[in-house]
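Single-structure report; data block below.
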Amino acid sequence: MVSNKVVVLGGTGFIGRAVVNALSKHGYEISVVVRRPERFRDYLLFPKTKLVQMDSLLSSEALVRVFKHAGLIVNCLADLTLKTEAVEENDYVAVHQQIKKAIETAQVKRVISVSQIGANAGNATHSWLYHLGEADAIMHSIANAQTTILRSGILLGAKDEVASCFKRQLNLMPVLPVANASKQVQPLAVQDFAKALVASIQNRSLFWKKVEVVGEERMTMKALANRVKEMMEKEDAVVFSMCRLNARFMSFLGALAPIKSVSAVQMVLLEADLISDTDFSTQFGFEPMSVEQALAAYVLTTHQRERYNAFRQAAGRNLEELA
């Protein structure tokens, strides 16, 4: 059994927030490591959650002090939405070497590390996937700890880097250019990813494993964009493929870009197809939300959601699926 004291690294991004929320709901005592605690005071609203200030993750001594009484380390540093809390890519492997050293010194027995499908230290073509693969290998080799690497695909939720971008673009104009339109993905609600992470903590069948975590429906990015368009009832909107050069330029412009359907994070995430043959419900013991259910919570307006609920009720579907 794992102690209920958890240290979360990279807990302030899109994935990390969902993970902290899920851990809190299950009664864990959580320490979220941050550089600037004043920016994340809202995390103190999560029960049994505190912020721990640390200037640099390159100090194994400082990490040992934080890890000393923890039963579990959750590493979400692969989350590309960490912004000012992110580890520089050039430091990414070195940071994980220090994390490994600190975990071994503090004798932590359980580690869960978030990564991405496609991470591969043998592939130097894609810099980020290469560094992720190296970091995964480091975490997987921690002595005397039961480590699980969870490799995610496209995750959906409010403020994500995919469907939220499509929604912004469609609210701006009835034209939706899609970067990496032919890339294959299996979208999963971020809440289900977080729930799966918590379910993995005591699951011995996942100890010392690298596990791909994806939803059950496979589609292209263009098909996902069309799904958002349909749910927003933008019948006249035109969805089309965006050339990679233009997509890179728009992602470089960031908030100043006239096209809002692409982001820098999205471009890095989609270096490769984000698909897997693994079965989510078999691995984690519950059925994930469908793409439709995941999108409905934040893509639809209140008025649309009310209409959508009526349609679902007429079809005999469970309205709680949209909560």
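Structural remarks
- Highest average first, the peptides 43-53, 144-154, 173-183 ordered by how many other beta carbon atoms sit within 10 Å of their residues are 144-154, 173-183, 43-53.
- Segment ALA121..HIS69, full-extension length gain: 15.5 nm, with 0.36 nm per residue of separation and the alpha-carbon distance subtracted.
- Normalised convex hull volume, the chain, alpha-carbon set, Å³ per residue: 138
- 19 Å Cα-Cα reach of LYS50 towards lysines, excluding residues that sit fewer than 8 places from it in its own chain: LYS5, LYS25, LYS68
- FRET efficiency, ALA158 to SER3 (Cβ-Cβ, R0 30 Å, nearest 0.05): 0.40
- Prolate/oblate/rounded call for segment 5-152, Cα gyration tensor, a/c under 1.5 rounded: prolate
- The residues neighbouring HIS26, those whose beta-carbon lies less than 15 Å from its own, together hold a net charge of +3 under the Lys/Arg +1, Asp/Glu -1 convention.
- Taking other C-beta atoms within 10 Å as the exposure proxy, TYR28, TYR298, TYR92 rank TYR298, TYR92, TYR28 from fewest upward.
- Net +/- balance of residues flanking VAL52 in space, Cβ distance below 11 Å, scoring K and R +1, D and E -1: +3
- Close Lys pairs in segment 69-219, defined as Cα atoms under 19 Å apart and 8 or more places apart or on different chains, number 11.
- Residue-count net charge about ASN144 - beta-carbon cut-off 14 Å; Lys, Arg +1, Asp, Glu -1: +3
- Two-site FRET efficiency, LYS109 against GLN53, from Cβ-Cβ distance with R₀ of 25 Å, rounded to 0.05: 0.50
- Of the residues THR278, THR125, the one with the fewest other Cβ atoms within 10 Å heads the list, and the complete ranking is THR125, THR278.
- Counted by neighbouring Cβ atoms within 10 Å, the residues CYS243, CYS165 run from fewest to most as CYS243, CYS165.
- Two-site label geometry, HIS26 and VAL175: point separation in nm, points 7 Å out along Cα→Cβ: 4.7
- A simple spin-label model places the labels of PHE46 and ASP277 3.6 nm from each other, with each point 7 Å out along Cα-to-Cβ.
Read-outs throughout are calculated quantities, based only on the coordinates presented, and are distinct from any laboratory measurement. Computed from a predicted structure; not experimentally measured. Heads up, the Cβs are rebuilt from the backbone with ideal geometry, glycines too, and the neighbour counts pull from every protein chain shown.
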